[in-house]
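All of the numbers you see were taken from the coordinates with simple rules; none came from a lab. For clarity, every value in this text was computed on a predicted model and none was experimentally measured. Positions of Cβ are generated from backbone atoms using ideal geometry, with glycine treated the same way; all protein chains shown enter the neighbour counts.
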Amino acid sequence: MSLFTQFWQYVSTHPDQILTAIREHILLLVAVPVGLAILVAVPLGILCTRYRVLESLLLGAAGVMQTIPSLALLSFLVMSGLGIGFRPAIVAIFLYAILPILRNTYTGIKSVDPSIKKAAKGMGMTDMQCLMLVELPMAVPVILAGIRTSATMSIGTATLAAFVGGGGLGNLIVTGLRMLRDHIILAGALPAALMAITLDALLSRLEKALTPRGLRLGK
């Protein structure tokens, strides 16, 4: 029996299990940690553009976090008191998701032409008005690129949550590895890959929609 046939037989006989894994993966292991990372990293990125001390401290700390192997971080979080399940997985994915958003927020705002900011200040805008009405709108494409990176990266990282009982599509992959069944591995890996491609495409459209018209290529 071919791998393709085994795959479809497994999917057709375990629809509830696969749908539950997809739902856990999207909502708990991607949407929650990435959403929290956006809420934390965007304000911190803005602060980094205002205070040089925070720039080196926060960007450096986030960069170091990215160098820690995923399984090592998950193991540390489990042993630190979070136990097993969704909590250590969500915290780990949140920590990994911060850097691209933080760095891109900082880079996007810093890349705004100083003459534009000077003109805004010359028109009487306060620093907050300049940030909200000039810098952030112009930095939107770069910030959204960081969110795209974090979101798609988190989908792959979330498969490791299965090793600490975190659920999601990683459960199917781990089950397939233990049973040496390629079709079960595929049942977990294929939805994760399709999810990453779909999410990247949707965020790409959102990025284009929110990019000021004058900053769009070819405009």
request  = Mind pulling the angle between the C-alpha long axis of helix 136-157 and the longest principal axis of the chain? Nearest 10 degrees, somewhere in 0 to 90.
outcome  = 20 degrees
remark   = Proxy exposure order for T159, T5, T105, T67 (fewest C-beta within 10 Å first) is T67, T5, T159, T105
task = Going by C-beta contacts inside 10 Å, put H183, H14 in order with the fewest on the left.
result = H14, H183
Sites F76 and L36, calculated FRET efficiency, Cβ-Cβ separation with R0 22 Å, nearest 0.05 = 0.70
ask   = Roughly how many whole Å is it from the C-alpha centroid of segment 133-184 to that of segment 1-69?
value = 4 Å
ask   = Tell me, what ³J(HN,Hα) does each residue in segment 190-202 have, in order and in whole Hz, if you take phi through Karplus 6.51 cos²θ - 1.76 cosθ + 1.60 with θ = phi - 60° and put x for Gly and Pro?
value = 5, x, 5, 5, 5, 4, 5, 5, 5, 5, 4, 5, 5
key: Ellipticity estimate at 222 nm from DSSP helix runs (n ≥ 4, -39,500 (n - 2.57)) divided over the chain, nearest 500   = -24000 deg cm²/dmol
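Can you list the chymotrypsin sites (Phe, Trp or Tyr not before Pro) in segment 1-59 that are in a DSSP coil and have 15 or fewer other beta carbons within 10 angstrom?
Of the chymotrypsin sites (Phe, Trp or Tyr not before Pro), the ones in loops of segment 1-59 whose Cβ has at most 15 other Cβ atoms within 10 Å are Y51.
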Helix axis angle, 32-50 relative to the chain longest principal axis, alpha carbon, degrees = 20 degrees
Inter-label distance, nm, simple model (7 Å from Cα along the C-beta direction), R23/M65 = 3.0 nm
note = Put in order of increasing Cβ neighbours within 10 Å, starting from the fewest, C130, C48 give C130, C48
query = Rg to Rh ratio, the chain, alpha-carbon atoms and Kirkwood radius?
reply = 1.08
key: Dipole of the chain, positive end: most advanced residue of L133, L82, I26 [Cβ charges, Cα centre]   = L133
query = Gain in length, L206 to S2, computed as 0.36 nm per residue apart minus the alpha-carbon separation, to one decimal in nm?
reply = 69.5 nm
remark   = Quick calc of log₁₀ I(q)/I(0), segment 93-219, Debye, one scatterer on every Cα, no solvent, q values 0.13 1/Å, result -0.66
note = So for R0 = 25 Å, FRET eff. of I197-I116 from the Cβ-Cβ r, to 0.05, ends up at 0.10
